[in-house]
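Bear in mind that the values in this text are calculations on the coordinates, not laboratory data. The structure presented is a predicted model; accordingly, all values stated were derived computationally and were not measured. Neighbour counts are summed over all protein chains in view; Cβ atoms, including those assigned to glycine, are modelled from backbone coordinates with ideal geometry.
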Amino acid sequence: MRKVPLPLLMRTPSRWGALVLAVAMLAGACTLPGTGAATSPSPVAATSTPASSPSSNPTPVNPLGVLFVSGLSGLYTVSLVGIDGRVVASAQANRPVDVSCANGAVADVPMPLSTSNSRVYFMDDKGVVRFLAANGDAGRATTVPVGTSTRRSSFTVSPDDQRIAVVVIDFTASGASTRLYVEDLNGGGNHRDTFSDSGPFTLWATGWHGTSNLVVAKVPACSQSGGAFCCGPQEFHVVDPMTAVRKATVGGPTCLIAGPPSAAGAVCETTTQANVLTWTAGAGSSFDIPGNTPAYLSPDGQQVAIVSTADPTTTLFPSKTTVAVVVCGWIDNSHLLTGGDTQRQPRVTDVSSGKVVPVAAKGECAGRIPGGL
């Protein structure tokens, strides 16, 4: 089993700060329509509340990084960070209840948040999805299904803040029952149930490629091993949000996903080579690596940050420039974000000048604004 971080993964019931991935070479998959047999979509119980936003289509803002940290009091904090290291806004919510598979195995779930081109959206323990903008605007957007200790919803909001895609996962002894629906973010109109399946794999709602393509991740639902290293996305599927018919598969058994997706695509790895893949599954640049390692693709797809936790350093490809930080994401095409916990301070690194500035907030990377893929 290979072990590479992915700053989208939350282990439950282990600590929320462990944002890591070990992609397992397992047989089987959730099958999307158009790619094989699948059960018929079934209705998803969900309630929606009108957004309290002053605008249903906010103005895009300058690029921001998102930090996420869980506190000891049952709260978690999201912070928006500029390229100068300044925290421009932050908010807290009650963290969702820990979930597990029915046989006691660990359930694998992503962070309870999503970003659009102007906001971060984050879910509380009641399934209420709230939003926070760079100017401090905050409010309640909608509600997604939650409930028992075996149910969790993941969600992703479209870049224009108009639509939300929700994956409802009910964990079982044999894996999970998975349901996908899409609806209007404001008010829950135009609701469409698009996919359902059950088995050892499930899906995460990962992002939107434009407004007409949805990206979901195929993930093993449960882990018997537990601990900080386990199972996360094996591949990304680009699907039609209205039908869930798959348009492209990014990554797979012969080249496994090595880090979070970006607007340009994703990085997959063999044991000796990293490959940049576009959202049409086309091949971009490739380069040799000294074994499996975390990889972060810049928004424009021109640079890949390869992390060496042993040093600790990060090397940029293809330039092979090295910076003395362990990064966890990009803010824009020239600024890297380093996460931190109670002992480590997050930092922003300018890859052009090498300048490193501290961030006055704790947390690990949880995405960026703009949030489209």
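Stretched out straight at 0.36 nm per residue, the stretch from ARG140 to LYS126 would grow longer than its current Cα-Cα span by 3.8 nm.
The stretch 69-127 to the stretch 268-341: how many Å between their Cα centroids? Between the Cα centres of the stretch 69-127 and the stretch 268-341 lies a distance of 24 Å. Pairs over the 29 Å Cα-Cα cut-off, from the set LYS247/LYS362; LYS126/LYS218; LYS126/LYS362: LYS247/LYS362. The ranking of ASP125, ASP240 by Cβ neighbour count inside 10 Å, starting from the fewest, reads ASP125, ASP240.
Taking a straight line from the alpha carbon of LYS355, these aspartates and glutamates sit under 16 Å away, with near neighbours fewer than eight places off in the same chain left out: ASP84, ASP332.
Take 175-186, 139-150, 309-320 and order them by the average number of nearby Cβ atoms within 10 Å per residue, most first; the result is 175-186, 139-150, 309-320.
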